[in-house]
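J.: The structure that follows is given in the form of structure tokens.
The values are calculated or read from the model by the stated rules, or taken from the named source; none is laboratory data. As the structure is a computational prediction, the values presented were derived from the model and not from experiment. Neighbour counts are summed over all protein chains in view; Cβ atoms, including those assigned to glycine, are modelled from backbone coordinates with ideal geometry. Only protein heavy atoms, including side chains, enter the accessible area calculation; ligands, DNA and RNA are left aside. Shrake-Rupley method; radii C 1.70, N 1.55, O 1.52, S 1.80 Å.
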Amino acid sequence: DDALVRHTTGEGSERLRYSFGMSHKALTDFNRIIQPHGLDQRMYAWSEANRYADDMLVRFALNHPENSHLFASPTSVLEFPPNPPYLRALLNLVDDDNFRGTEKGKLLERLAAYLFLLIPGLIPSANLIPRSQDFENDLLVSNLRSSGNFEAEIFGRDFLVECKNWQSKVQVNHVGYFLYRMRLTHTKFGVIFATKGITGRKRNNAAHGLCQRAFHEDDSLCLVVERDDIEAILSGTTSFRSMLMEKANELRFGKRRRIE
């Protein structure tokens, strides 16, 4: 909030420095994020989403991974509540047909990063390319909480995230390639954000069937988050953390039968 009103010092800055241990350089980088010349003119212009302090945190986390430890401070909170207007603004950008191709995917990555940052200790890193340079991971999410926690048991300490902001369902070959990258990186958990979902839900075949088979064969958990799931978070029907847990249990044990 200090930075948004062009204050170089203030209560927020003092708390960041002395309560969270943010260095002078980190604070300078943090304040520089909102400067117009540092923004992508199309994706980070002063749109509705950029009016929120939440967006500064998302961009700071993605653009300055050297400060990821600041997001892993000890807390008893299981999940921070989302800011509904900000999440709606991000979803509006994801739906915006003025963006094409890679840009649309980047906008969905931005939304996914925000949701993971709501779970304390989970830190997203964007666009990681291995030394072989034969593929790229949209997001790597690391669990930096020092103590043992439920998320680490289910998700592992690191996992992959793929973002497909497409006009059609994601086909089985793309899901298979993501599962292959999970295997290459020795991660047992992955999340595909697909605005239109993936193929094969009704008969549990195609892409959905492949996710089930991957779990049966090598314990790989590949979850799918669709646009309707994000709407459920916005409506308060569920939280992102609860949704991931429910999807993981459904893939492992089956769908829960409703008791009247």
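J.: Select from the stretch 191-244 those trypsin sites (Lys or Arg not before Pro) which occupy a DSSP coil region and have at most 16 other Cβ atoms within 10 Å, ordered by residue number.
T.: Answer in residue order: Lys196, Arg201, Lys202, Arg203.
J.: Counting other C-beta atoms within 10 Å, and keeping those with at most 11, which DSSP coil trypsin sites (Lys or Arg not before Pro) do you find in the stretch 61-136?
T.: Answer in residue order: Arg100, Arg131.
J.: Quick one: grab the alpha carbon gyration tensor of the stretch 50-165, order the square roots of its eigenvalues as a ≥ b ≥ c, and give me rounded if a/c is under 1.5, else prolate or oblate depending on whether a/b is larger than b/c.
T.: oblate
J.: Okay, moving on. Of all DSSP beta bridges located in the chain, what percent are antiparallel, nearest 5?
T.: 50
J.: Additional query: Once the whole set of protein chains is in place, how much accessible area is left on Tyr180, using a 1.4 Å probe, in Å² to the nearest 10?
T.: Counting only protein heavy atoms, the figure is 120 Å².
J.: Can you list the lysines whose alpha carbon sits under 28 Å from that of Lys255, skipping same-chain ones fewer than 8 residues off?
T.: Lys164, Lys169, Lys188, Lys196, Lys202, Lys247
J.: Another question, if that's okay. Counting other Cβ atoms within 10 Å of each Cβ, which trypsin sites (Lys or Arg not before Pro) in the stretch 149-182 have at most 14 and sit in a DSSP loop?
T.: Filter output for the stretch 149-182: Arg157.
J.: Provide the descending list of Cα extents for the stretch 108-260 along its principal axes, expressed in whole angstroms.
T.: 52, 35, 31
J.: Right, something else. With viscosity set to 1.306 mPa s at 10 °C, what whole-number translational diffusion coefficient in µm²/s follows for the chain from Stokes-Einstein and a Kirkwood radius over Cα pairs?
T.: Taking Rh from Cα pairs, D becomes 82 µm²/s.
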